[in-house]
Amino acid sequence: MEQKIFSKYVFDFLAKNFPEFLPSVKYNDDDSFECDLKSDSGKFLMWIATYNSEITFGLETPDGKTDVHTHISSYEIADLDDCFVTLTRLIDEVLQHKVVVYHTEHGTYDWIKYENLKEEEVKKKRTFEKLFWSQ
């Protein structure tokens, strides 16, 4: 799918479903765009990009690194509905504290489903520093 068309579909989806991302939209020369939304605490943010005609969703961690992300591929216009369902789920999981950013035992940040992190804390008999969206 042509980048300009793909970005338009994603922009329209965000405008209808997550307009809070729109003030930060920045277009690139190839018609892809990036946008983000900062957490209430200001400690991390969600970001979305449309590079290479796929949606990239990530969380920027307090140390400023943006390597915590996932890709949602769409090869045809018909794939977009599934892509938008996945993107909505990812955003909602962060907003509803089902996914958190945490400080790993290796000194880096990562994201994880909160239930899985609680299990990991019990297993390792330790508490990890956690960042919730509305913290």
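Got a number for residues in segment 78-116 being more than 23 Å from S7 (Cβ to Cβ), among the charged types (D, E, K, R) and assigned to a helix (DSSP H, G or I)? Let's see the steps before the verdict.
First pass over segment 78-116, keeping only residues more than 23 Å from S7 (Cβ to Cβ): 93, 95-116.
The next check asks that each one be among the charged types (D, E, K, R); those that pass are 93, 98, 105, 110, 113, 115.
Still in the list and also assigned to a helix (DSSP H, G or I): 93, 115.
Adding up the residues that qualify gives 2.
Evaluate segment 15-23: report whether one residue or more is free of Cβ contacts under 8 Å to residues at least 60 places away in the same chain, crowded, with 17+ Cβ neighbours inside 10 Å and under 28 Å from E115 (Cα atoms). For segment 15-23, residues free of Cβ contacts under 8 Å to residues at least 60 places away in the same chain, crowded, with 17+ Cβ neighbours inside 10 Å and under 28 Å from E115 (Cα atoms): present. Checking segment 41-62 against the condition returns no match, with no residue being modelled with pLDDT under 90, surrounded by fewer than 12 Cβ atoms within 10 Å (Cβ to Cβ) and not small (G, A, S). Within the set K65, K43, the sole residue that is assigned to a loop (DSSP other than H, G, I, E, B), out of contact with any Phe, Trp or Tyr (no Cβ under 9 Å at 6 or more places or on another chain) and either touching a residue at least 40 places away in the same chain (Cβ under 8 Å) or farther than 25 Å from S134 by Cβ (or both) turns out to be K43.
There is at least one residue in segment 89-97 that is surrounded by fewer than 16 Cβ atoms within 10 Å (Cβ to Cβ), more than 27 Å from K8 (Cα to Cα), touching a helix residue (DSSP H, G or I) at 6+ places or on another chain (Cβ under 7 Å) and touching a residue at least 12 places away in the same chain (Cβ under 8 Å).
If only residues of segment 1-34 that are assigned to a strand (DSSP E or B) and among the charged types (D, E, K, R) are counted, the one that is farthest from L45 (Cα to Cα) is K26.
The values are calculated or read from the model by the stated rules, or taken from the named source; none is laboratory data. Just so you know, these numbers come straight off a predicted model, no measurement behind them. All Cβ positions, glycine included, derive from the backbone under ideal geometry; neighbour counts span all protein chains shown.
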